[in-house]
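Taking it in order: structure first as structure tokens, then the write-up.
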Amino acid sequence: MALLLGCIADDFTGGTDLAGMLVKAGMRTIQTIGVPTWPIGDDVDAVVVALKSRTTPADEAVAESLAALEWLQGAGCRQIYFKYCSTFDSTAKGNIGPVAEALLAALGSDFTIACPAFPVNGRTIYKG
């Protein structure tokens, strides 16, 4: 069975939050620290690849995120989710836009939804 969901998280804390929410929702989930080098078993619904790309230079963040995407695609993930920091304070130049654009291009897509909110922690979208 192919993995249902492959997640790329820009930091360990956010990746852990996401993995916990997926488990709570009933998904058999594992989290890796960095891009894994091993195959995933058949008893997993979702994989969260937690990176440290939130605070690295944009070119490094893009390269690491694309490596995670390549691994997730190789593992057969049917859907990809980019989990970025909801406070949007990664670096002065920012990584979220360049990483999102690189992932979109690699996936052959020109559309995504950006929703920088995390209501359980009190982070919502103004008037949204």
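Straight-line reach from LYS93: which lysines have Cα under 25 Å away, leaving out those fewer than 8 places along the same chain?
Hits, sequence-local ones excluded: LYS52, LYS83.
Under 11 Å from the Cβ of THR13, count the other residues' Cβ atoms, weight Lys and Arg +1, Asp and Glu -1, and hand me the total. It would help to have the intermediate numbers written out before the result.
Numbers: positive: LYS52, ARG54, LYS83; negative: ASP10, ASP11, ASP17.
Local charge sum for THR13: 0.
P(r) for the range 1-81: what percent of alpha-carbon pairs falls in each 5 Å bin, starting at zero?
3, 18, 29, 26, 16, 6, 2, 0
At 7 Å along the Cα-to-beta-carbon direction for both ALA114 and GLU70, put a label point, then send me their distance in nm to one decimal.
Taking the simple label geometry, ALA114 and GLU70 are separated by 2.6 nm.
Computing the accessible area with a 1.4 Å probe over protein heavy atoms, can you report the carbon and sulfur percentage for the chain?
The nonpolar share, carbon plus sulfur, comes to 57 percent.
Counting every Cα pair in the range 34-128, what percent are over 18 Å apart?
Distances greater than 18 Å cover 51 percent of the Cα pairs.
If you average the C-alpha positions of the range 60-82 and of the range 1-34 separately, how far apart do those two centres end up, in angstrom?
13 Å
Divide by every residue of the chain the summed helix terms, -39500 (n - 2.57) for each DSSP H run of at least 4, and state the resulting mean residue ellipticity at 222 nm, rounded to the nearest 500 deg cm²/dmol.
Rounded to the nearest 500, it is -10500 deg cm²/dmol.
Listed highest first by mean packing, meaning other Cβ atoms within 10 Å per residue, what order do 6-12, 31-37 come in? Can you show the working numbers first?
On the way: 6-12: 23.3, 31-37: 14.9.
Per-residue mean Cβ counts within 10 Å order the peptides as 6-12, 31-37.
Would you work out which of LEU72, LEU104, PRO119 lies farthest towards the positive end of the dipole of the chain? Charges go on Cβ: Lys and Arg +1, Asp and Glu -1.
Towards the positive end, the residue furthest out is PRO119.
How large is the accessible surface per residue of the chain, computed with a 1.4 Å probe and reported in Å² as a whole number?
Here the residues of the chain average 58 Å² of exposed surface.
How high is the relative contact order of the range 5-121, given as a whole-number percent (alpha carbon pairs under 8 Å, six or more residues apart)? If you can, show how the numbers build up before the last one.
Details: 186 pairs, mean separation 36.0, N = 117.
Relative CO of the range 5-121 lands at 31 percent.
The values are calculated or read from the model by the stated rules, or taken from the named source; none is laboratory data. These numbers come from a predicted model, not from an experiment. For neighbour counting, all protein chains shown are included, and Cβ atoms are generated from backbone atoms with ideal geometry for every residue, glycine included. Areas reflect the complete protein model, heavy atoms only, side chains present, ligands, DNA and RNA absent. Shrake-Rupley method; radii C 1.70, N 1.55, O 1.52, S 1.80 Å.
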